[in-house]
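Quick notes on the structure that follows.
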Amino acid sequence: MAASVALGFAFSGWRRGALGWGTAVAGTLTVMLLLKLCLIPCGHLLGFTSLRSPSGHTAGAAVVYGSLLGLWIRRRSGTAVWTAPGAMLFVILIGGTRLALGVHSPAEVLIGGAVGLTGAILAVFLAGPPPEHFRFRMIALAMVVVIVIFHGLRLPAEVEITRLAFTIWPFSACRA
């Protein structure tokens, strides 16, 4: 999804948007990966009983959908002040589902939400205002196509991150 949006920005002529948005999304996902690599094997040594794997779903939803909503509102109103509340909407929606499913603790959802919210604000700042000619319809269409194509596909990302966390030094030294 993130790659299709960045490509859509670039092919529509909004290069700054593609670079800024792509950088913020990639940065957000990188921060989440690093947090997971540190906390999965070593979180218990830091006294965190309910913080093992911060919610990447919450962070990803906040940065992707929150920043897109922020950019769309910025294009329509000229102001980016609605980015944070828009991203918070996705933190609440997706974070709530992660809690309801019992796959994350409140602390893990809050960490993911904070990282994603920061990423959304950064994305809108780095992308700058959308150009006058830019239309979000094609980006929305590309997102729908990606959602339809990948619907139901489960990637073993969490399993692989956990495997890496216990095999990469120095984190492997934390093995309980």
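The values are calculated or read from the model by the stated rules, or taken from the named source; none is laboratory data. Values in this document were obtained by computation on a predicted structure and should not be read as measured data. Cβ: placed from backbone, ideal geometry, glycine included. Neighbour counts: every protein chain shown.
Annotations
- Of the residues making up segment 43-65, those that are surrounded by fewer than 23 Cβ atoms within 10 Å (Cβ to Cβ) and in contact (Cβ under 8 Å) with a residue 60 or more places away in the chain are HIS44, LEU45, LEU51, SER53.
- Candidates THR118, THR97, THR162, filtered to the one that is modelled with pLDDT of 95 or more, farther than 30 Å from GLY13 by Cα and surrounded by fewer than 20 Cβ atoms within 10 Å (Cβ to Cβ): THR97
- Meets criteria (of a type in the set (D, E, K, R) and either in contact (Cβ under 8 Å) with a residue 60 or more places away in the chain or buried (at least 22 other Cβ atoms within 10 Å of the Cβ) (or both)) for ARG75: yes
- Filtered residues of segment 145-173 (kept if aliphatic (A, V, I, L, M) and outside any helix (DSSP H, G or I)): LEU153, LEU155, ILE168
- The one condition in (1) surrounded by 14 or more Cβ atoms within 10 Å (Cβ to Cβ); (2) at negative phi; (3) not acidic (Asp, Glu) that GLY128 fails to fulfil: (2)
- Tally of residues being under 12 Å from the mean Cα position of the chain (by Cα) and surrounded by 15 or more Cβ atoms within 10 Å (Cβ to Cβ) across segment 10-32: 11
- Scanning segment 122-144 for residues that are free of Cβ contacts under 8 Å to residues at least 12 places away in the same chain and assigned to a helix (DSSP H, G or I) yields ARG137, ALA140, LEU141, VAL144.
- The set of residues in segment 132-149 that are at pLDDT 90 or above and farther than 18 Å from LEU69 by Cβ comprises VAL145, VAL148, ILE149.
- Of VAL159, VAL145, all but one fail to be under 15 Å from ALA6 (Cα atoms), over 18 Å from the mean Cα position of the chain (by Cα) and of a type in the set (Val, Ile, Thr); the exception is VAL145.
- Listed by position, the helices (runs of 4 or more DSSP H) inside segment 1-93 whose residues that are of a type outside the set (Gly, Ala, Ser) and within 22 Å of VAL144 (Cβ to Cβ) number at least 3 are 2-11, 15-42, 67-77.
- Residue list for segment 94-109, restricted to those being part of a helix (DSSP H, G or I) and more than 13 Å from the chain's Cα centre (by Cα): GLY96, THR97, ARG98, LEU99, ALA100, LEU101, PRO106, ALA107, GLU108
- Applying the condition of being among the hydrophobic types (A, V, I, L, M, F, W, C) and crowded, with 19+ Cβ neighbours inside 10 Å to segment 33-42 and asking which residue is modelled with the lowest pLDDT yields CYS42.
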